[in-house]
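**Student:** Below: one structure in C-alpha cells.
The values are calculated or read from the model by the stated rules, or taken from the named source; none is laboratory data. Keep in mind the model is a prediction, meaning the values are calculated, not measured. Every residue, glycine among them, receives a Cβ derived from its backbone with ideal geometry; neighbour counts consider all protein chains shown. Accessible surface areas use protein heavy atoms only, side chains included; no ligands, DNA or RNA. Shrake-Rupley method; radii C 1.70, N 1.55, O 1.52, S 1.80 Å.
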Amino acid sequence: MAGLLKPSSAEMLVSAIRAEHFNLPIHVHTHDTAGTGVASMLAAAKAGADVVDAATDALSGLTSQPSLGALVASLEGTELETGISLKEASALNEYWEECRGLYSPFESGQKSGSADVYTHEMPGGQYTNLLYQSTQLGLSGQWSQVKKAYATANHILGDIIKVTPSSKVTGDLAQFIVSNNLTEQEVIDKAHTLSFPKSVVEYFQGYLGIPPFGFPEPLRSHVIKGHTIEGTNRNSFEGRPGATLPPLDLTEAKEILEEKWGARSEYRSGAVEIRDVDVMSYAMYPAVFDEYMENVRLYGKISYLDTRTFLTGMKVGQELSVNIENGKVLIIKLISIGETNEDGVVNIQFEVNGQPRMAHIKNKAAGSESIKRPKALKDVAGSIGAPMPGVVIKTIVSVGDTVHVGESLLVLSAMKMETNVFSPITGIVSKVLVAAGDQIDIGDLVVEIDEEMKK
C-alpha cells in the first residue's frame, strides 16, 4: 500500500510464488508514490502475474496506482499485450480528467513523486490525508519533519504492518512527536508522563490485536499504566480483542436508532427510515454515525445536489434544477445574500419554482475572535498544557478534585485524532481553564494542579 514494491523485488516475489504454485492466480497491487509503479507492474507481469492494478491516467501516479495508459502502451506488440485499446482508454480518460477538476479544492498539493517513501513507508492512501491533516494541525511547512517522524514512530511501535487502522496509529504518533518537538529517546524516556493520542494508547493496550513479534517493552507498560479497558479492570487485552467482545443485539440496536432518529424520535418531521446498513454503521462507528444523522436532520438529503453546487455553493442569479423524485423537480434561484446583522445572521432571498422564499442563516465566522490563552510552564509539573491543537470534547475533572498520576483530565479532538490529557503528578486541581467546545493551541494551559507533597 505504500508503493514499496521495486521492479527487481516484484520480479523476485512473483517468480518465487509462480515456481511453487503453477496454477495459482497472482494479483499484484501497489501505489506509485516513488514513481516506479509502471516499471514494477511490468516486471510483475513478465514474471508471471495474472493481474496488475492500474488507474486511468487522469487519476494515476503519485499516491494512486500506476498509469493504465502507460501499461497498455508499453505492452503493445508483446506476448503480454492487454487487448485494451489505447484510443478507447484515452477517450474514457477524458471524462475522468473533467471529473477531477470538480474536486480540485480537495487536491493535496502533492506535485511529484517522492522516493523517500522507501524510508518512511507511509501507505499511499494515508500520505495525502496526513499531508492535509498536518497542515490543519498547525504543522504547515513541517511536512518533511512529519515524514521523518513517521519513520521514527514506526520504529518506536515495533516496525509494524501499516494498514488502516495501524497506519493511523503511526501517523498520530508522528504528528504528536513533531508537535511536541520530541526525539525518539525522549518519547521512550518520558512515556509515563506524556499524553499520547488515544489511538496510540489503545494500540499498546491491544485493541488492534497483538503484533507478530509482540510489543516493545518497557515502553508498552509505561504508556498503558493507569489506563483500563472500558468495562473491565484490565489495562490490556490478552490475545484477540474480538474473542471477548460481547454479542451485539442487532434488533435492540435498531430499536435505539428508531427512538433516536427514526419514526419514534422527537424529530418526526425529519425522521428517516432506519436501514440495516445504518445499524451496522452505528455498531462500528457510533459517534460518527450520530454526527452524520445530525447533519441529515438539519440539512436533509443533500445527495440531491450536484457535485459542483455541493462543493462551492450557488452564486447570486444562478438557477438550479433539483430532481427530488421521478416527476418532481424543484427550480431554485438565488436572488440575494444580505449583510451579517448584529445578531450574526444573514438573510438569504431565493425562489422555489417561482415562489419567493427567505432563509435566515447564522454566519459562523461573524464575531469570532481568537482568544489569547496563557501557556503552560514547561518546568512546572502541575502546569498542564495541551499536547496537540484541537477542540475540547469534554473536561473530566473540576476544581478541588484529587487526581493521581495517569488520571485523565480532559479529552481533545483534532482532525479525527482524539487525545486524552493525563495528569503527570498526584495532587489537587486548582484551576480548569477550558470547557467543552473551546478551541485551543498546543501548549495552552488547560489545567493547574497543586502537587501533593510526598511525606
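**Student:** So, in the range 1-36, exactly how many residues are open to solvent by 60 Å² or more (accessible area, probe 1.4 Å) and closer than 19 Å to MET122 by Cα?
**Tutor:** 4
**Student:** Would you pick out the residues in the range 190-235 that are in contact (Cβ under 8 Å) with a residue 60 or more places away in the chain and part of a helix (DSSP H, G or I)?
**Tutor:** Answer for the range 190-235, where residues must be in contact (Cβ under 8 Å) with a residue 60 or more places away in the chain and part of a helix (DSSP H, G or I): LYS198, SER199, VAL201, LEU219.
**Student:** Moving on to the next point. Tally up the residues in the range 427-455 that are of a type in the set (D, E, K, R), modelled with pLDDT of 90 or more and farther than 22 Å from PHE176 by Cβ, please.
**Tutor:** So the count comes out to 3.
**Student:** Select from the range 37-52 the residues that are open to solvent by 40 Å² or more (accessible area, probe 1.4 Å) and in contact with a helix residue (DSSP H, G or I) (Cβ under 8 Å, 6 or more places away or on another chain) and write down the one among them that is nearest to LEU13 (Cα to Cα).
**Tutor:** In this case the residue turns out to be LYS46.
**Student:** Enumerate the pairs (first residue in the range 31-52 and within 16 Å of ALA19 (Cβ to Cβ); second residue anywhere and open to solvent by less than 20 Å² (accessible area, probe 1.4 Å) and among the β-branched types (Val, Ile, Thr)) with beta-carbon separation below 6 Å, excluding pairs fewer than 6 apart on the same chain, so at least 6 apart or on different chains.
**Tutor:** So the pair list comes out as ALA44/VAL14; ALA44/VAL28; ALA47/VAL14; GLY48/VAL14; ALA49/VAL14; ALA49/ILE26; ALA49/VAL28; ASP50/ILE26.
**Student:** Let me ask something else. Which of the following residues is in contact with a helix residue (DSSP H, G or I) (Cβ under 8 Å, 6 or more places away or on another chain), aromatic (Phe, Trp, Tyr) and closer than 30 Å to GLU255 by Cα: PHE289, PHE310?
**Tutor:** Selected residue: PHE289, the only one of PHE289, PHE310 that is in contact with a helix residue (DSSP H, G or I) (Cβ under 8 Å, 6 or more places away or on another chain), aromatic (Phe, Trp, Tyr) and closer than 30 Å to GLU255 by Cα.
**Student:** Pick from ALA436, ALA381, ALA359, ALA386: which is under 30 Å from ILE332 (Cα atoms) and in contact with a strand residue (DSSP E or B) (Cβ under 7 Å, 6 or more places away or on another chain)?
**Tutor:** ALA359
**Student:** Can you tell which of THR56, THR78, THR63, THR33 is out of contact with any helix residue (DSSP H, G or I) (no Cβ under 7 Å at 6 or more places or on another chain) and of a type in the set (Ser, Thr, Tyr)?
**Tutor:** THR78
**Student:** Looking at (1) surrounded by 12 or more Cβ atoms within 10 Å (Cβ to Cβ); (2) under 21 Å from PRO197 (Cβ atoms), can you tell me which one VAL432 breaks?
**Tutor:** Among (1) surrounded by 12 or more Cβ atoms within 10 Å (Cβ to Cβ); (2) under 21 Å from PRO197 (Cβ atoms), the lone unmet condition for VAL432 is (2).
**Student:** Which condition does SER64 not pass, out of (1) of a type in the set (Ser, Thr, Tyr); (2) in a helix (DSSP H, G or I); (3) touching a His at 6+ places or on another chain (Cβ under 8 Å), if it passes all the others?
**Tutor:** (2)
**Student:** Please list, ordered by residue number, the helices (runs of 4 or more DSSP H) wholly in the range 103-168 having 2 or more residues that are modelled with pLDDT under 90.
**Tutor:** 124-136
**Student:** Another question about this same structure. Take VAL322 and tell me if it is surrounded by 12 or more Cβ atoms within 10 Å (Cβ to Cβ), touching a residue at least 12 places away in the same chain (Cβ under 8 Å) and farther than 29 Å from PRO165 by Cβ.
**Tutor:** yes
**Student:** Can you tell me which of VAL72, VAL38 is more than 30 Å from the chain's Cα centre (by Cα) and in a helix (DSSP H, G or I)?
**Tutor:** Result: VAL72 is the single residue among VAL72, VAL38 that is more than 30 Å from the chain's Cα centre (by Cα) and in a helix (DSSP H, G or I).
**Student:** Shifting gears a bit: Here are some residues: GLY262, GLY231, GLY206, GLY214. Which one is at positive phi and either among the β-branched types (Val, Ile, Thr) or crowded, with 16+ Cβ neighbours inside 10 Å (or both)?
**Tutor:** That would be GLY206, the only listed residue that is at positive phi and either among the β-branched types (Val, Ile, Thr) or crowded, with 16+ Cβ neighbours inside 10 Å (or both).
**Student:** Which one of these is in contact with a His (Cβ under 7 Å, 6 or more places away or on another chain) and at pLDDT below 95: LYS225, LYS190, LYS198?
**Tutor:** LYS225
**Student:** When you go through GLY69, GLY109, GLY141, GLY83 one by one, which is the residue that is open to solvent by 30 Å² or more (accessible area, probe 1.4 Å) and more than 30 Å from GLN175 (Cα to Cα)?
**Tutor:** Residue meeting the stated conditions: GLY83.
**Student:** Also, quick follow-up: Just give me the residues in the range 265-289 being charged (D, E, K, R) and surrounded by 15 or more Cβ atoms within 10 Å (Cβ to Cβ), in sequence order.
**Tutor:** ASP278
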